[in-house]
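The values are calculated or read from the model by the stated rules, or taken from the named source; none is laboratory data. Fair warning: this is a prediction, and the values are worked out from it, not measured in the lab. As a convention, Cβ positions derive from the backbone with ideal geometry for all residues, glycine included, and neighbour counts pool all protein chains shown.
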(Lines give C-alpha, C1' and ligand atoms only; values in the text may rest on other atoms or scores of the structure.)
Protein backbone atom coordinates (compact mmCIF):
# COMPACT_ATOMS: atom_id res chain seq x y z
CA UNK A 1 0.00 0.00 0.00
CA UNK A 2 1.49 3.31 -1.13
CA UNK A 3 1.60 5.69 1.83
CA UNK A 4 4.39 7.84 0.37
CA UNK A 5 2.35 11.03 0.18
CA UNK A 6 1.25 10.67 3.80
CA UNK A 7 4.85 10.26 4.90
CA UNK A 8 5.80 13.36 2.88
CA UNK A 9 3.30 15.40 4.89
CA UNK A 10 4.64 13.93 8.12
CA UNK A 11 8.23 14.83 7.26
CA UNK A 12 7.12 18.34 6.36
CA UNK A 13 5.45 18.85 9.76
CA UNK A 14 8.56 17.59 11.57
CA UNK A 15 10.48 20.58 10.18
CA UNK A 16 8.51 23.01 12.34
CA UNK A 17 7.21 20.83 15.20
CA UNK A 18 10.40 19.33 16.56
CA UNK A 19 10.58 16.28 18.79
CA UNK A 20 6.85 15.50 18.75
CA UNK A 21 6.71 12.72 16.16
CA UNK A 22 4.00 10.68 17.91
CA UNK A 23 1.69 13.68 18.17
CA UNK A 24 2.26 14.56 14.51
CA UNK A 25 1.35 11.02 13.48
CA UNK A 26 -1.95 11.40 15.31
CA UNK A 27 -2.65 14.66 13.48
CA UNK A 28 -2.14 12.91 10.17
CA UNK A 29 -4.18 9.90 11.29
CA UNK A 30 -7.11 12.20 12.09
CA UNK A 31 -6.87 13.73 8.61
CA UNK A 32 -6.69 10.35 6.85
CA UNK A 33 -9.70 9.12 8.86
CA UNK A 34 -11.76 12.20 7.84
CA UNK A 35 -11.93 13.31 11.46
CA UNK A 36 -11.47 16.42 13.55
CA UNK A 37 -8.77 17.08 16.11
CA UNK A 38 -8.77 18.66 19.58
CA UNK A 39 -5.40 19.89 20.83
CA UNK A 40 -5.42 20.61 24.55
CA UNK A 41 -2.32 22.35 25.81
CA UNK A 42 -0.84 25.44 27.40
CA UNK A 43 -0.10 28.47 25.17
CA UNK A 44 3.18 28.69 23.30
CA UNK A 45 3.93 25.06 22.45
CA UNK A 46 3.27 25.34 18.70
CA UNK A 47 -0.41 24.46 18.28
CA UNK A 48 -1.18 27.22 15.78
CA UNK A 49 2.08 26.69 13.91
CA UNK A 50 1.20 23.02 13.52
CA UNK A 51 -2.19 23.75 11.94
CA UNK A 52 -0.76 26.36 9.58
CA UNK A 53 1.98 23.96 8.50
CA UNK A 54 -0.58 21.22 7.86
CA UNK A 55 -2.68 23.46 5.60
CA UNK A 56 0.38 24.75 3.74
CA UNK A 57 1.73 21.21 3.22
CA UNK A 58 -1.46 20.27 1.37
CA UNK A 59 -2.14 23.61 -0.36
CA UNK A 60 -5.64 23.72 1.13
CA UNK A 61 -7.71 26.77 2.05
CA UNK A 62 -7.16 27.73 5.68
CA UNK A 63 -8.77 30.05 8.20
CA UNK A 64 -8.00 30.72 11.85
CA UNK A 65 -10.61 32.20 14.18
CA UNK A 66 -9.73 33.34 17.67
CA UNK A 67 -12.61 32.18 19.86
CA UNK A 68 -13.52 34.87 22.38
CA UNK A 69 -16.48 35.39 24.73
CA UNK A 70 -18.12 37.86 22.29
CA UNK A 71 -17.77 35.64 19.20
CA UNK A 72 -21.14 34.93 17.55
CA UNK A 73 -22.29 31.89 15.54
CA UNK A 74 -22.71 34.16 12.51
CA UNK A 75 -18.97 34.90 12.66
CA UNK A 76 -18.40 31.19 12.05
CA UNK A 77 -21.25 30.17 9.77
CA UNK A 78 -22.01 33.41 7.95
CA UNK A 79 -24.94 35.81 7.70
CA UNK A 80 -27.38 37.38 5.26
CA UNK A 81 -26.58 40.82 3.86
CA UNK A 82 -29.36 43.01 2.48
CA UNK A 83 -28.80 44.44 -1.00
CA UNK A 84 -30.84 47.66 -1.24
CA UNK A 85 -30.43 47.75 -5.03
CA UNK A 86 -32.13 44.39 -5.61
CA UNK A 87 -34.20 44.27 -2.43
CA UNK A 88 -32.88 40.75 -1.67
CA UNK A 89 -30.60 39.14 0.87
CA UNK A 90 -27.26 37.56 -0.07
CA UNK A 91 -25.55 35.03 2.15
CA UNK A 92 -22.01 36.01 3.13
CA UNK A 93 -20.06 32.85 3.95
CA UNK A 94 -18.27 32.65 7.28
CA UNK A 95 -14.89 31.28 8.25
CA UNK A 96 -16.10 27.67 8.34
CA UNK A 97 -16.09 27.63 4.51
CA UNK A 98 -12.43 26.64 4.44
CA UNK A 99 -10.94 23.17 4.17
CA UNK A 100 -8.74 23.57 7.24
CA UNK A 101 -10.50 25.51 9.99
CA UNK A 102 -8.64 26.39 13.19
CA UNK A 103 -10.86 27.14 16.18
CA UNK A 104 -8.23 28.73 18.41
CA UNK A 105 -8.96 28.50 22.15
CA UNK A 106 -12.41 27.07 21.48
CA UNK A 107 -13.26 26.87 25.17
CA UNK A 108 -13.06 30.65 25.60
CA UNK A 109 -16.33 31.24 23.76
CA UNK A 110 -19.93 30.55 24.75
CA UNK A 111 -21.57 27.11 24.35
CA UNK A 112 -23.93 28.64 21.77
CA UNK A 113 -21.03 29.57 19.50
CA UNK A 114 -19.24 26.29 20.18
CA UNK A 115 -22.32 24.37 19.04
CA UNK A 116 -22.42 26.25 15.73
CA UNK A 117 -19.68 23.89 14.55
CA UNK A 118 -21.67 20.70 15.14
CA UNK A 119 -23.37 20.31 11.76
CA UNK A 120 -20.22 21.12 9.84
CA UNK A 121 -18.18 18.62 11.87
CA UNK A 122 -20.76 15.84 11.69
CA UNK A 123 -22.11 16.21 8.16
CA UNK A 124 -19.66 18.45 6.29
CA UNK A 125 -22.59 20.72 5.50
CA UNK A 126 -24.04 24.07 6.54
CA UNK A 127 -27.76 24.88 6.62
CA UNK A 128 -29.22 28.37 6.87
CA UNK A 129 -32.83 29.53 6.95
CA UNK A 130 -33.20 29.32 3.18
CA UNK A 131 -30.06 27.63 1.83
CA UNK A 132 -27.93 24.51 2.12
CA UNK A 133 -24.19 24.34 1.45
CA UNK A 134 -21.80 21.41 1.04
CA UNK A 135 -18.33 22.14 2.41
CA UNK A 136 -15.41 21.43 0.11
CA UNK A 137 -13.52 18.23 0.86
CA UNK A 138 -11.25 17.45 2.52
CA UNK A 139 -12.69 19.38 5.46
CA UNK A 140 -11.13 19.32 8.91
CA UNK A 141 -11.69 21.26 12.12
CA UNK A 142 -8.69 21.56 14.40
CA UNK A 143 -9.49 23.15 17.73
CA UNK A 144 -7.09 24.25 20.42
CA UNK A 145 -8.20 24.28 24.02
CA UNK A 146 -6.64 25.71 27.15
CA UNK A 147 -6.57 23.48 30.23
CA UNK A 148 -9.88 23.82 32.05
CA UNK A 149 -8.27 25.23 35.17
CA UNK A 150 -7.45 28.40 33.23
CA UNK A 151 -9.71 31.39 33.94
CA UNK A 152 -12.41 32.33 31.44
CA UNK A 153 -12.96 28.87 29.97
CA UNK A 154 -16.26 27.23 29.00
CA UNK A 155 -16.00 23.42 29.12
CA UNK A 156 -17.03 21.80 25.85
CA UNK A 157 -20.27 19.80 26.25
CA UNK A 158 -20.26 16.04 25.73
CA UNK A 159 -21.98 16.31 22.32
CA UNK A 160 -19.24 18.62 21.08
CA UNK A 161 -16.38 16.52 22.47
CA UNK A 162 -17.84 13.42 20.82
CA UNK A 163 -17.40 15.07 17.39
CA UNK A 164 -13.63 15.21 17.81
CA UNK A 165 -11.97 12.07 16.52
CA UNK A 166 -8.77 12.48 18.54
CA UNK A 167 -7.58 14.59 21.45
CA UNK A 168 -3.88 15.11 21.93
CA UNK A 169 -1.39 17.27 23.78
CA UNK A 170 1.92 18.46 22.35
CA UNK A 171 3.52 19.19 25.71
CA UNK A 172 6.81 20.94 26.32
CA UNK A 173 9.78 19.84 24.19
CA UNK A 174 12.82 18.11 25.65
CA UNK A 175 15.87 20.32 26.28
CA UNK A 176 17.79 19.24 23.17
CA UNK A 177 14.77 19.81 20.93
CA UNK A 178 14.06 23.21 22.50
CA UNK A 179 17.63 24.30 21.71
CA UNK A 180 17.00 23.36 18.08
CA UNK A 181 13.77 25.37 18.15
CA UNK A 182 15.67 28.41 19.40
CA UNK A 183 18.21 28.10 16.59
CA UNK A 184 15.49 27.98 13.91
CA UNK A 185 12.67 29.98 15.49
CA UNK A 186 12.46 32.57 12.70
CA UNK A 187 12.06 30.00 9.94
CA UNK A 188 9.65 28.00 12.06
CA UNK A 189 7.45 30.99 12.86
CA UNK A 190 7.30 32.14 9.24
CA UNK A 191 6.91 28.57 7.92
CA UNK A 192 9.78 29.13 5.51
CA UNK A 193 10.65 25.44 5.79
CA UNK A 194 7.23 24.30 4.59
CA UNK A 195 6.32 23.71 0.97
CA UNK A 196 3.24 22.06 -0.49
CA UNK A 197 3.96 18.35 -0.93
CA UNK A 198 0.48 17.03 -1.83
CA UNK A 199 -2.69 18.36 -3.38
CA UNK A 200 -6.39 18.01 -2.67
CA UNK A 201 -6.77 14.96 -4.92
CA UNK A 202 -3.96 13.13 -3.11
CA UNK A 203 -5.70 13.62 0.24
CA UNK A 204 -9.06 12.41 -1.06
CA UNK A 205 -7.40 9.38 -2.64
CA UNK A 206 -5.63 8.44 0.60
CA UNK A 207 -8.84 8.88 2.60
CA UNK A 208 -10.58 6.52 0.18
CA UNK A 209 -7.80 3.96 0.56
CA UNK A 210 -8.15 4.12 4.35
CA UNK A 211 -11.91 3.54 4.04
CA UNK A 212 -11.28 0.36 2.06
CA UNK A 213 -8.78 -1.28 4.41
CA UNK A 214 -9.47 -4.86 5.46
CA UNK A 215 -10.76 -5.33 9.01
CA UNK A 216 -11.02 -8.80 10.54
CA UNK A 217 -14.13 -9.62 12.59
CA UNK A 218 -11.92 -10.27 15.60
CA UNK A 219 -10.73 -6.65 15.39
CA UNK A 220 -14.33 -5.45 15.39
CA UNK A 221 -15.03 -7.62 18.41
CA UNK A 222 -11.96 -6.21 20.17
CA UNK A 223 -13.14 -2.62 19.59
CA UNK A 224 -16.63 -3.38 20.89
CA UNK A 225 -15.16 -5.13 23.93
CA UNK A 226 -13.19 -2.00 24.78
CA UNK A 227 -16.26 0.22 24.46
CA UNK A 228 -18.42 -2.16 26.49
CA UNK A 229 -15.81 -2.25 29.23
CA UNK A 230 -16.03 1.54 29.61
CA UNK A 231 -19.83 1.38 29.82
CA UNK A 232 -19.82 -1.10 32.69
CA UNK A 233 -16.76 0.15 34.58
CA UNK A 234 -17.57 1.44 38.06
CA UNK A 235 -15.31 4.47 37.65
CA UNK A 236 -17.15 5.82 34.59
CA UNK A 237 -20.46 7.67 34.74
CA UNK A 238 -20.52 7.90 30.94
CA UNK A 239 -18.92 5.26 28.73
CA UNK A 240 -17.96 5.20 25.05
CA UNK A 241 -20.78 5.77 22.56
CA UNK A 242 -21.29 3.74 19.36
CA UNK A 243 -19.86 6.77 17.53
CA UNK A 244 -16.71 6.36 19.61
CA UNK A 245 -16.46 2.71 18.53
CA UNK A 246 -16.78 3.72 14.89
CA UNK A 247 -14.15 6.40 15.36
CA UNK A 248 -11.75 3.92 16.97
CA UNK A 249 -12.17 1.69 13.92
CA UNK A 250 -11.53 4.59 11.54
CA UNK A 251 -8.42 5.63 13.43
CA UNK A 252 -7.07 2.07 13.54
CA UNK A 253 -7.48 1.89 9.75
CA UNK A 254 -5.65 5.18 9.28
CA UNK A 255 -2.80 4.06 11.53
CA UNK A 256 -2.43 0.82 9.56
CA UNK A 257 -2.31 2.83 6.31
CA UNK A 258 0.32 5.19 7.71
CA UNK A 259 2.46 2.16 8.51
CA UNK A 260 2.07 0.83 4.97
CA UNK A 261 -0.37 -2.02 5.67
CA UNK A 262 -3.71 -2.78 4.01
CA UNK A 263 -5.03 -4.56 7.10
CA UNK A 264 -5.57 -3.61 10.74
CA UNK A 265 -3.78 -5.21 13.68
CA UNK A 266 -4.99 -5.26 17.31
CA UNK A 267 -2.00 -3.12 18.21
CA UNK A 268 -3.36 -0.34 15.95
CA UNK A 269 -6.50 -0.30 18.06
CA UNK A 270 -4.69 -0.55 21.39
CA UNK A 271 -2.24 2.27 20.66
CA UNK A 272 -5.00 4.69 19.63
CA UNK A 273 -7.63 3.87 22.27
CA UNK A 274 -6.66 6.53 24.81
CA UNK A 275 -6.44 9.30 22.19
CA UNK A 276 -9.85 8.41 20.75
CA UNK A 277 -11.82 7.66 23.92
CA UNK A 278 -10.35 9.67 26.80
CA UNK A 279 -12.13 12.96 26.04
CA UNK A 280 -15.51 11.25 25.62
CA UNK A 281 -15.65 9.50 28.99
CA UNK A 282 -16.90 11.00 32.26
CA UNK A 283 -15.59 9.84 35.60
CA UNK A 284 -17.93 8.90 38.42
CA UNK A 285 -18.03 11.24 41.46
CA UNK A 286 -16.22 8.59 43.49
CA UNK A 287 -13.42 8.32 40.92
CA UNK A 288 -13.04 12.09 40.91
CA UNK A 289 -12.74 12.16 44.70
CA UNK A 290 -10.07 9.47 44.48
CA UNK A 291 -8.29 11.57 41.81
CA UNK A 292 -8.30 8.77 39.27
CA UNK A 293 -7.53 9.64 35.64
CA UNK A 294 -9.43 8.50 32.57
CA UNK A 295 -6.17 7.55 30.87
CA UNK A 296 -5.06 5.27 33.72
CA UNK A 297 -8.43 3.52 33.81
CA UNK A 298 -8.39 2.97 30.04
CA UNK A 299 -4.89 1.50 30.22
CA UNK A 300 -6.08 -0.80 32.99
CA UNK A 301 -9.00 -1.95 30.84
CA UNK A 302 -6.68 -2.61 27.90
CA UNK A 303 -4.31 -4.63 30.07
CA UNK A 304 -7.11 -7.01 31.10
CA UNK A 305 -8.83 -7.52 27.75
CA UNK A 306 -8.06 -10.47 25.52
CA UNK A 307 -6.05 -9.36 22.47
CA UNK A 308 -6.95 -11.32 19.33
CA UNK A 309 -4.23 -12.88 17.23
CA UNK A 310 -4.65 -11.84 13.59
CA UNK A 311 -2.82 -13.71 10.86
CA UNK A 312 -2.73 -11.85 7.55
CA UNK A 313 -3.45 -14.35 4.82
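Give the number of residues within segment 53-64 that are buried (at least 20 other Cβ atoms within 10 Å of the Cβ) and in contact with a helix residue (DSSP H, G or I) (Cβ under 8 Å, 6 or more places away or on another chain).
5
Out of all the residues in segment 159-175, which are touching a residue at least 60 places away in the same chain (Cβ under 8 Å), within 18 Å of residue 116 (Cα to Cα) and touching a helix residue (DSSP H, G or I) at 6+ places or on another chain (Cβ under 6 Å)?
Matches in segment 159-175: 161, 162, 163, 165.
Residue check: is residue 118 part of a strand (DSSP E or B) and under 16 Å from the mean Cα position of the chain (by Cα)?
So residue 118 fails the test.
Scan segment 121-138 for residues that are at pLDDT below 90 and assigned to a loop (DSSP other than H, G, I, E, B) and jot them down.
128, 129, 130, 131
Give segment 42-52 a look and list any residue that's assigned to a helix (DSSP H, G or I) and in contact with a helix residue (DSSP H, G or I) (Cβ under 9 Å, 6 or more places away or on another chain), or say none.
49, 50, 51
Name the residues in segment 219-254 that are over 19 Å from residue 299 (Cβ atoms) and at pLDDT 95 or above, would you?
219, 220, 221, 246, 249, 250, 253, 254
Quick one: which of 55, 95 is touching a residue at least 24 places away in the same chain (Cβ under 8 Å), in a loop (DSSP other than H, G, I, E, B) and in contact with a strand residue (DSSP E or B) (Cβ under 8 Å, 6 or more places away or on another chain)?
Details: 55 fails: in a loop (DSSP other than H, G, I, E, B).
Testing whether each residue is touching a residue at least 24 places away in the same chain (Cβ under 8 Å), in a loop (DSSP other than H, G, I, E, B) and in contact with a strand residue (DSSP E or B) (Cβ under 8 Å, 6 or more places away or on another chain) leaves just 95.
Only one of 255, 270 is within 30 Å of residue 11 (Cβ to Cβ), in contact (Cβ under 8 Å) with a residue 40 or more places away in the chain and under 22 Å from the mean Cα position of the chain (by Cα); which?
Residue meeting the stated conditions: 255.
Please go through segment 1-11 and pick out each residue that is surrounded by fewer than 22 Cβ atoms within 10 Å (Cβ to Cβ) and either more than 26 Å from residue 248 (Cβ to Cβ) or over 16 Å from the mean Cα position of the chain (by Cα) (or both).
1, 2, 3, 4, 5, 7, 8, 11
When you go through 87, 46 one by one, which is the residue that is at pLDDT below 90, surrounded by fewer than 17 Cβ atoms within 10 Å (Cβ to Cβ) and not assigned by TED's automatic domain parsing to the domain that holds residue 247?
87
Quick grid of which residues meet (1) touching a residue at least 40 places away in the same chain (Cβ under 8 Å); (2) farther than 30 Å from residue 199 by Cα:
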site: 81; (1), (2): no, yes
site: 85; (1), (2): no, yes
site: 109; (1), (2): yes, yes
site: 118; (1), (2): yes, no
site: 121; (1), (2): yes, no
site: 144; (1), (2): yes, no
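Considering only residues that are surrounded by 14 or more Cβ atoms within 10 Å (Cβ to Cβ) and in contact with a strand residue (DSSP E or B) (Cβ under 7 Å, 6 or more places away or on another chain), look in segment 129-138 and name the one that is nearest to residue 199 (Cα to Cα).
The residue in question is 135.
Filtering segment 172-215 down to residues that are at pLDDT 90 or above and in contact with a strand residue (DSSP E or B) (Cβ under 9 Å, 6 or more places away or on another chain), which residue is farthest from residue 49 (Cα to Cα)?
215
Select the helices (runs of 4 or more DSSP H) contained entirely in segment 178-282, then report the ones holding at least 1 residues which are over 24 Å from residue 39 (Cα atoms).
200-211, 217-232, 266-277
Of the residues 29, 39, 76, which is under 14 Å from the mean Cα position of the chain (by Cα), part of a helix (DSSP H, G or I) and surrounded by 18 or more Cβ atoms within 10 Å (Cβ to Cβ)?
When all the criteria are applied, what remains is 29.
Kindly indicate whether residue 291 is in contact with a strand residue (DSSP E or B) (Cβ under 6 Å, 6 or more places away or on another chain), more than 26 Å from residue 57 (Cβ to Cβ) and outside any helix (DSSP H, G or I).
On the way: in contact with a strand residue (DSSP E or B) (Cβ under 6 Å, 6 or more places away or on another chain): no; more than 26 Å from residue 57 (Cβ to Cβ): yes; outside any helix (DSSP H, G or I): yes.
So residue 291 does not fit the description; no.
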